[in-house]
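K.L.:
Right, I'll just put the structure down here and ask away after.
The values are calculated or read from the model by the stated rules, or taken from the named source; none is laboratory data. Values in this document were obtained by computation on a predicted structure and should not be read as measured data. FYI the Cβ positions are ideal-geometry reconstructions off the backbone, even for glycines, and counts take in every protein chain you see. Ligands, DNA and RNA are excluded from the accessible area calculation, which covers all protein heavy atoms including side chains. Shrake-Rupley method; radii C 1.70, N 1.55, O 1.52, S 1.80 Å.
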Amino acid sequence: MHVIIMGPPGAGKGTQAEKIVNEFSLVHVSTGDMFRAAIKNETEMGLKAKEYIDKGELVPDEIVVGVVKERLSRPDCQEGVLLDGFPRTLEQAEALDDVMSELNMKTDAVISIDVDEDELLNRLTGRRVCRNCGTTYHINFNPPKVRNICDHCGGELYQRSDDTVETVKERLNVYKKQTLPMIDYYKRGGVFASIDGSRDIDEVFADVASYLRDVQENTKDK
Ligand code: ADP
Ligand code: ADP
Ligand code: ZN
């Protein structure tokens, strides 16, 4: 099963993705995580991407598509993948179709997590991430057991440099302008589900999981 999870910054894509890949044994492919890893390792690609990420802009399509193509070509992706944060433009969606057909894959489901803008601001400015394992927390909505310490690995939590009010506002604009137009593309493809992400993490996941179980049944029959 090859699944895309999309939605505005802060909607809960990463939070849901972690649960989805566990439940459905999919490989988690997050372009944001890949860029942050490349920045940490100071690779050429990472340094290029950082220029855009710090401003809240999208990294150019040719860079992102190259990174995803390389990742999807690895053997572990044949069985099933959850794409998180990609595609984010119509051009990326079209490029993904080409990459997938080259690799004999297809998109089985697209899940959009919807949350209104005030709530997104609250979520993003309170987001904290483990420096060591990448687990995401929220200072109020999903706090760690011990302040600033990761429940899973004991790592230190930090605030992403692009989670400031100013950059968040720019990212929300970019989403509306560049990513929203992509939704029609998937609606026409008939594999699209929109899910209310304003509820508790577990309630959202219950809906996501029930949708994916249906998709999984249908994928098996074919
Ligand atoms: P995205 O990957 O879409 O940017 P995240 O999964 O990182 O979003 O979530 C953004 C922030 O909101 C994080 O701090 C996370 O802990 C919190 N969060 C995620 N889902 C919910 C939810 N359903 N209710 C409240 N807070 C949430
Ligand atoms: P969020 O879900 O909170 O918006 P991500 O971790 O998915 O954050 O992305 C962080 C940043 O990485 C984005 O603001 C953008 O600059 C860059 N990025 C991630 N995925 C893509 C993509 N598919 N296309 C272009 N830029 C991307
Ligand atoms: Zn951790």
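K.L.:
Near ligand 1 (Cβ under 10 Å from one of its atoms), of a type outside the set (A, V, I, L, M) and open to solvent by less than 40 Å² (accessible area, probe 1.4 Å) - does that describe any residue in region 163-171?
P.N.:
Checking region 163-171: at least one residue is near ligand 1 (Cβ under 10 Å from one of its atoms), of a type outside the set (A, V, I, L, M) and open to solvent by less than 40 Å² (accessible area, probe 1.4 Å).
K.L.:
Condition first: in contact with a Ser or Thr (Cβ under 9 Å, 6 or more places away or on another chain), within 16 Å of ligand 1 (Cβ to nearest atom) and of a type in the set (Ser, Thr, Tyr). Can you find one or more residues in region 96-113 that meet it?
P.N.:
Looking through region 96-113, at least one residue is in contact with a Ser or Thr (Cβ under 9 Å, 6 or more places away or on another chain), within 16 Å of ligand 1 (Cβ to nearest atom) and of a type in the set (Ser, Thr, Tyr).
K.L.:
Could you identify the single residue in Asp84, Asp108, Asp98 that is more than 15 Å from ligand 2 (Cβ to nearest atom) and surrounded by 15 or more Cβ atoms within 10 Å (Cβ to Cβ)?
P.N.:
Going through Asp84, Asp108, Asp98 in turn, the sole match is Asp108.
K.L.:
Across region 189-209, what is the number of residues that are open to solvent by 60 Å² or more (accessible area, probe 1.4 Å) and either more than 17 Å from the chain's Cα centre (by Cα) or at pLDDT below 95 (or both)?
P.N.:
6
K.L.:
Does at least one position in region 177-188 carry a residue that is among the aromatic types (Phe, Trp, Tyr) and either under 19 Å from His28 (Cβ atoms) or open to solvent by 60 Å² or more (accessible area, probe 1.4 Å) (or both)? Reasoning before the result, please.
P.N.:
Filtering region 177-188 for residues among the aromatic types (Phe, Trp, Tyr) gives 185-186.
Now drop any that are not either under 19 Å from His28 (Cβ atoms) or open to solvent by 60 Å² or more (accessible area, probe 1.4 Å) (or both), which leaves none.
No, region 177-188 contains no residue that is among the aromatic types (Phe, Trp, Tyr) and either under 19 Å from His28 (Cβ atoms) or open to solvent by 60 Å² or more (accessible area, probe 1.4 Å) (or both).
K.L.:
Name the residues in region 133-153 that are over 22 Å from His28 (Cα atoms), more than 9 Å from ligand 1 (Cβ to nearest atom) and in contact (Cβ under 8 Å) with a residue 12 or more places away in the chain, would you?
P.N.:
The answer is Pro144, Asn148.
Per-residue answers, yes or no, for (1) open to solvent by 50 Å² or more (accessible area, probe 1.4 Å); (2) touching a Leu at 6+ places or on another chain (Cβ under 9 Å); (3) closer than 17 Å to Gly134 by Cβ; (4) not hydrophobic (A, V, I, L, M, F, W, C):
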site: Pro8; (1), (2), (3), (4): no, yes, no, yes
site: Gly14; (1), (2), (3), (4): no, no, yes, yes
site: Glu23; (1), (2), (3), (4): yes, yes, no, yes
site: Thr31; (1), (2), (3), (4): no, yes, yes, yes
site: Arg36; (1), (2), (3), (4): yes, no, yes, yes
site: Ile39; (1), (2), (3), (4): no, yes, yes, no
site: Ile63; (1), (2), (3), (4): no, no, no, no
site: Gly66; (1), (2), (3), (4): no, no, no, yes
site: Ser73; (1), (2), (3), (4): yes, yes, no, yes
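Here is a yes/no grid of residues against (1) closer than 24 Å to Val204 by Cα; (2) of a type in the set (Phe, Trp, Tyr); (3) away from ligand 3 (no atom under 15 Å from the Cβ):
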site	(1), (2), (3)
Asn122	yes, no, yes
Arg127	yes, no, no
Cys133	yes, no, no
Val146	no, no, no
Ile149	no, no, no
His152	yes, no, no
Gly155	no, no, no
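K.L.:
Another question about this same structure. Output the qualifying pairs, or none if there are none: Cβ atoms under 7 angstrom, residues six or more apart or on different chains, first residue in region 20-33 and in contact (Cβ under 8 Å) with a residue 24 or more places away in the chain, second residue open to solvent by 30 Å² or more (accessible area, probe 1.4 Å) and of a type in the set (Lys, Arg).
P.N.:
Listed pairs, sorted by first residue: Val29/Arg71.
K.L.:
Within region 152-170, which residues are farther than 11 Å from Lys55 by Cα and of a type in the set (A, V, I, L, M, F, W, C)?
P.N.:
Correct list: Cys153, Leu157, Val165.
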